[in-house]
Amino acid sequence: RSSQRSSPRSSPRFTARSLFSGGSRRTARRPARVKIIQELKPPAEKGRLARLRAKFQQEKNEEDDLLKVGQDEDEEEEDEDWKDIVDELCLTVEPQVEELGDQVILQLKKAGTIKIDDEDVVQRFKRHKSRQGKIVFEAENANNVGVEYFSFGDVNGAVAYFKKALELCSKEIKPAATELSEFKEFIMKQYFGDMQAFYTALSDGEWRLALGRRRFVTVMKGLNYPGDAERLFSMLDAVSGGGGDGKVTMIEVEKLLRTKGLDLNHMDNELVQRGVVLNNIGACHIQHDDPTVGLQKLRESLRVIRRNSEQGEDDPLAQRVMSNIAVAYIRMGDVDCALNFTARVLARRETLNGILEPDALNALYLSGYCFLVKANRFDIMYDRKRMDKRTQENPVEVNYSLALCAFKERLRRQQEIFDNLKEKEDNEDGALLPGEMEQLRLDLARSHEIVAEIHDKRRQLDRALPHLQSAVDHKEAVLGESDPELLSTWNTLASVSMRAGRFEDALDLMEKAIAATTELFGDSSLTLATEMFHLGLIYFRMAAELGRDDRGLASNYFDLAIEKLIQTKDMQVDILGEEDADVATTAQLLGSVYLAANNKREARRNFERALLVRVEIFGRSDLNTASSAQALGTLYARMPRRLEEAIQLLRKAMLVREKFLGKESLYLAESLHELGSVLLLRRHRKDHETALQYLSKAAKIREQRLGKESLKYAASMHQVGQAHTHLGLYSEARLYLQAALALRERLTPKKSAQVSMTRFALGVVLLKLNETSAAMKQLRLAYTAREAMYGQEHAQSANCLHHIGMAHFQDDQSEAAL
């Protein structure tokens, strides 16, 4: 979860080893050393790097302390600027199709409790068939077959049946006034207007007999009726009211003959079934990634249903169409229009059916999804301007809050339904449907996961943990320990527990997950590789957090992390091959562990490998490639012979992140900060001025996004102070370094590497300002901390001693200086 994992892809074999080994240092290795940079640069820049490399410079890297485990901000901290919650949770919005038929039978079918030999079901089916007529009944059957195909994922097959159903529903019917005129003329000619004689002939002498559709049509044809007997029966059935009963009596014949005007016009309305079929066709277009055409079909469907339904928009069919229109707008990227339709549907469903009705819960889900999409995927800068001409300072957080409101309200209602069913089950007050409680538990677990992920995205880990634990409890009550759904939730809970500092809980969960995965998939599988990856990440975090004051403990955790990640990489290579995105992800994390463990050689090999694979798979201008370029550039910055390559890599990462993540991204701030720090290692004033610009931009972004009380902002203050020092602006440098020191003393132990590094830099600046006593104080405190951490023989300790000596010399204390 802490890295951007991608789906497996294949790519040509292209190994870093062939590029970075063999030959002498000055001949064979020199072209290979720059090839990885050339992969990232436009062709016109390829010849420039060789000239830049001649500017080799050996300068002490003042940021070396940043590589010590746990002694600066955690390099694996998840900014998650470009990790989309919608994708992370696999959230989807799908259009829904509707079946046609008797509503009671359809509800029994959906609940799985229909009994086809039940007498009431049989009679209902016969009445419905008689009431609808042959053509409409065939259209309903074609539509329902299409719904089955749609549910199986065969959208093309569904479209074929839906089009047939639409063809049947769209057949032109004779106007009711014309049909009634022909019927009156027929009675007048054949029976001289005697209604009793007509009905006697119609009922074959059985006066009180009510005729069904088939018999009525057959008899009317036998009586040589010149009009449309099917159409006439539909009109007679319609005048009976209540939607018809599928029978014709003498009373209905007399009533039809008296019908005039507006009542006849209502009989000419389009079939509601046509609107339902159009809705289903629109849903198919949405699934075919053609939401524009789908929206046209859905609008036509809504017009048909509004015109022909007595309930208008309150008709459940109309509400289903409006929900699908919202889905179409989401697929088109117009989330605000989607929210408009969703709000209308939610209000009507709650009013008509209550707040616990499943369709109302679905409308809440759609609302929450829309707000998540607004917060994650789109440029919503225009949301800052409101209709009252005020500005909304943080629209992203506002949309997260609104998403939380929708999903938490949905969760509350689901919990109420669950409590009601639980009470019903405990009291044995009526039988529950098979699997009803189990399905509701899984729905509750899913809702808890969504709420937890939003809290996680907002760095509210303490709020995310209870929801994830509830999700685990519900799934454990339904699923077996080796079920993939439960394993996924264990992984998520372990990740959040790890980042919340609850390492023991995270380790316990991962051990359970690995045991279950091994039992389910064996000793080698991609799922097991993922579990091992997460376990290695947990050990890496433990080294950073728990090994701050104990280098031996940190070393042990680093070894465990490396062991697990090597196992992960071997499994992935065996299954996916070496040229795979997941292998590159593991290699990059492994490089980070080696780097933190101060094994730069292995770190370089893994970073280079990850970058080469990602260039081949994703291309040069991709966020995954930029992440690898950033990691490798950070490492090269600590290797004097690779300084120019580091600048090229970091500049490329900066440009890609700015293009795809925007100018307020924390990832962009990271690239700006590192690039500015590397430019300070050059000796030209112009480079130092450029570095100051980059570092100032990074500091501004971090202040806006993280606030001033954060280690990253303190690091920016430190480096801005260093930039002013290089430019000779010592008074300004002192102000920034004092601010950085105050922050780091509040946020870290006073003898930490960060504090000692800022004390040292501040002491150097105070020396330049001839404030010897103040400089001596800061340098002595820095030396005390570094001696305790690294020992007397370390270069950082020696550097402090050197400047303390310079302070004594500046104060005319030559013997002390010596």
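The values are calculated or read from the model by the stated rules, or taken from the named source; none is laboratory data. Since this is a predicted model, take the numbers as computed values, not measurements. A quick note on method: Cβ atoms are made from the backbone with ideal geometry, for glycine too, and the neighbour counts reach across all protein chains shown. To get the accessible areas, we keep the full protein, side chains included, count just its heavy atoms, and leave off ligands, DNA and RNA. Shrake-Rupley method; radii C 1.70, N 1.55, O 1.52, S 1.80 Å.
Of note:
- Accessible carbon and sulfur surface of the range 416-562 relative to its total accessible area, %, 1.4 Å: 45
- Euclidean distance between Cα centres, the range 730-787 to the range 568-614, Å: 37
- Amide H contacts under 5 Å for Ser665, placed H, 5+ residues apart: none
- Put a dot 7 Å past the Cα of Arg746, heading toward its Cβ, do the same for Arg307, and the two dots end up 6.8 nm apart.
- For the range 624-668, a crude dipole built from +1 on the beta carbon of Lys and Arg and -1 on the beta carbon of Asp and Glu, taken about the Cα centre, is about 80 debye to the nearest 20.
- Sites Ala347 and Phe125, calculated FRET efficiency, Cβ-Cβ separation with R0 35 Å, nearest 0.05: 0.50
- Length gained on full extension, Gln296 to Ala477, computed as 0.36 nm times the residue gap minus the Cα-Cα distance: 60.7 nm.
- Whole-Hz ³J(HN,Hα) from phi, Karplus 6.51 cos²θ - 1.76 cosθ + 1.60, for the range 317-327, glycine and proline x: 5, 5, 5, 5, 5, 5, 4, 5, 5, 4, 4
- In this structure Lys163 has an accessible area near 120 Å², from a 1.4 Å probe over the protein heavy atoms.
- For the peptides 450-461, 315-326, residues were scored by their other Cβ atoms within 10 Å and the scores averaged per peptide; the highest-first order is 315-326, 450-461.
- A 1.4 Å probe run over the protein chains yields, for the range 498-612, 38 Å² of accessible area per residue, whole-number rounding.
- Backbone N within the range 440-460 under 19 Å of label point (7 Å from Glu485 Cα along the Cβ vector): 440-453
- Accessible surface of the range 624-770 [probe 1.4 Å, protein heavy atoms]: carbon and sulfur percent: 50
- Shape category assigned to the range 478-597 from the gyration tensor of Cα positions, a/c cut at 1.5: oblate
- The accessible area of Ile355, taken with all protein chains in place and a 1.4 Å probe, comes to roughly 70 Å².
- Our coupling estimate for the range 614-629, obtained by passing each phi through the Karplus curve with A = 6.51, B = -1.76, C = 1.60 and θ = phi - 60°, is 5, 4, 5, 7, 9, x, 6, 9, 10, 5, 4, 5, 4, 4, 5, 4 Hz, Gly and Pro reported as x.
- Ordered from highest to lowest accessible area with the whole protein assembly present and a 1.4 Å probe, Phe503, Phe192 read as Phe192, Phe503.
- Contour excess over end-to-end distance, with Cα ends at Gln792 and Ile251 and 0.36 nm allotted per residue: 183.6 nm
- Solvent-accessible area per residue in the range 183-239 equals 55 Å², computed with a 1.4 angstrom probe and all protein chains kept.
- Efficiency of FRET between Gln415 and Asp118 - r from beta-carbon atoms, R0 35 angstrom, step 0.05: 0.50
- Accessible heavy-atom area order of Thr585, Thr527, highest first, probe of 1.4 Å: Thr527, Thr585
- Accessible area (Å², 1.4 Å probe, nearest 10) - Ile575: 80
- Listed residues Val104, Val656 arranged by accessible area, highest first, probe 1.4 Å: Val104, Val656
- Two-site FRET efficiency, Asp194 against Lys134, from Cβ-Cβ distance with R₀ of 25 Å, rounded to 0.05: 0.25
- Between Val219 and Ser525, the modelled label-to-label distance comes to 6.8 nm, taking each label 7 Å out from Cα in the direction of the beta carbon.
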